[in-house]
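Only one structure is covered here, and it is reproduced in the block below.
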Amino acid sequence: MDFTRLDNKNTDLDNPVFSDVFTEYIDLENPEHADGGFNEQDFANKVAASVNHNASDLHLCTGDHPVLRIDGELKTFTHWPRVNANWLSGLSRHLLSEVQQRQLQQSGQVDCACTTSAGQRLRANVFQQQQGRSIAFRVISATSPSLNELDVPPIINQLIEQENGLILITGATGSGKTTTLSAMISAMNQKQARHIITLEDPIEFLHSSKTCLIQQRELGRHTDSFSSALTGALRQDPDIILLGELRDPESIRLALTAAETGHLVLATLHTRTAAQAIDRLVDIFPVAEKTAIQAQLAASLRAVITQKLCHKVGGGRIAVFEILTQTTAASHLIREGKTYQLHSVIQTGGQWGMQTFEQSIAQRQKQGILADQNVSQLI
């Protein structure tokens, strides 16, 4: 795909965002727009507006006005025309391969990613709903941010030096997990000489090999499943394996095996605390296997980095972190299944790089980054 980006005339949020962008009337009867009225330039307008207003997401839903998520809040822009069903179908055909179009027909939804001609990266989920088709776009930074730009705790810079083991990055949907993970890969790619294989669904941030050899694989395009790709990765001489998400028992088993056999494995989970992350990995297995999985986690888990985004003073959002690192006490609790006691270990584990959300928020407030409000409102 090759979308042409148009620049906004201004970025005053007091004005309707989409009225600030030049558009041309789309005549559905014009043969030039025979593909359901879809027009690449019109789509580029919406992408440009989203990027220029620092939106994290763009929602295009049949029959509705476009909606942006800015600093975590949805904003509907009624000055832009409602999304036409034929136009959205045309956009879908431009976004999706034939295989993905069949998947959409069969399952009612499909993930994909694209890059505009201006280098803007987008992740998309195309799906059917009551009113017709919808597409939810996640706006991805053109380049991966650095760990310094994200202002992450210093322990994360130490964790990327690990030779082996499992590091989990967890948090709710939209909490910035992929961004943090990408920044970690970028940091490795500046100063380490290691072979990194990523298994993603879909590929979001694009990485070029610098000091590291980086090979990115996408579910549905380069492999049929995470488990088969992970099995293959173990035969491809990797030093580091990045898994977009640990989804099923087979992937978890293979990830733990890789971590135990000399590889560093980075993976994400949708959990809100370190304890929940460990419980999620263990509880997916039958009772007969739980003890063995707990023992593997106790031995191989190097850290759980859990994050959420909070509003900054002056606009924008920044991550706060709960961090659990591997210590004798933490490993013992994981092995014994006493994850409910991990919070106490984190509270007192500052010398090993650990911190609670409360401690992270207090530090951000001391720096003047977060608004002065009750911590309980932020966690």
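Computed quantities for the displayed model
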{"item": "Residue in the stretch 40-50 that is at pLDDT 75 or above, in a strand (DSSP E or B) and under 25 Å from Q131 (Cα atoms) present", "result": "no"}
{"item": "Exclusive hit being at pLDDT 90 or above and closer than 24 Å to H311 by Cβ, set G349, G368", "result": "G368"}
{"item": "Whichever residue in the stretch 83-99 is outside any helix (DSSP H, G or I) and touching a Cys at 6+ places or on another chain (Cβ under 9 Å) and, among such residues, is farthest from F137 (Cα to Cα)", "result": "S97"}
{"item": "Residue list for the stretch 199-218, filter: in contact with a His (Cβ under 7 Å, 6 or more places away or on another chain) and closer than 23 Å to V110 by Cα", "result": "Q216"}
{"item": "Filtered residues of the stretch 133-148 (kept if of a type outside the set (A, V, I, L, M), more than 19 Å from L96 (Cβ to Cβ) and within 17 Å of the chain's Cα centre (by Cα))", "result": "S141, T143, S144, P145, S146"}
{"item": "Cβ pairs under 7 Å, 6+ apart, first in the stretch 340-352 and within 19 Å of N157 (Cα to Cα) and assigned to a helix (DSSP H, G or I), second of a type in the set (A, V, I, L, M) and at pLDDT 95 or above", "result": "I346/A274; I346/L324; I346/M354"}
{"item": "Criterion: crowded, with 20+ Cβ neighbours inside 10 Å, modelled with pLDDT under 95, assigned by TED's automatic domain parsing to the domain that holds F285 and farther than 21 Å from T273 by Cα - qualifying residue of E200, E218, E250", "result": "E200"}
{"item": "Some residue of the stretch 224-239 being surrounded by 23 or more Cβ atoms within 10 Å (Cβ to Cβ), in the same structural domain as L159 (by TED's automatic domain parsing) and small (G, A, S)", "result": "yes"}
{"item": "Top-ranked residue of the stretch 310-339 - restricted to ones that are assigned to a strand (DSSP E or B) and at pLDDT below 95, ranked as surrounded by the most Cβ atoms within 10 Å (Cβ to Cβ)", "result": "C310"}
{"item": "Residue match in the stretch 269-280 (condition: within 20 Å of A303 (Cα to Cα), β-branched (V, I, T) and in contact with a Lys or Arg (Cβ under 8 Å, 6 or more places away or on another chain))", "result": "yes"}
{"item": "Among residues of the stretch 96-121, those that are surrounded by 15 or more Cβ atoms within 10 Å (Cβ to Cβ), closer than 16 Å to S134 by Cβ and touching a Phe, Trp or Tyr at 6+ places or on another chain (Cβ under 7 Å), counted", "result": "0"}
{"item": "Residue match in the stretch 123-138 (condition: hydroxyl-bearing (S, T, Y), crowded, with 20+ Cβ neighbours inside 10 Å and either outside the structural domain of A319 (by TED's automatic domain parsing) or modelled with pLDDT of 90 or more (or both))", "result": "yes"}
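The values are calculated or read from the model by the stated rules, or taken from the named source; none is laboratory data. Remember, predicted model here, so these are calculated numbers, not experimental data. Glycine also receives a Cβ, built like all others from the backbone with ideal geometry; neighbour counts cover every protein chain displayed.
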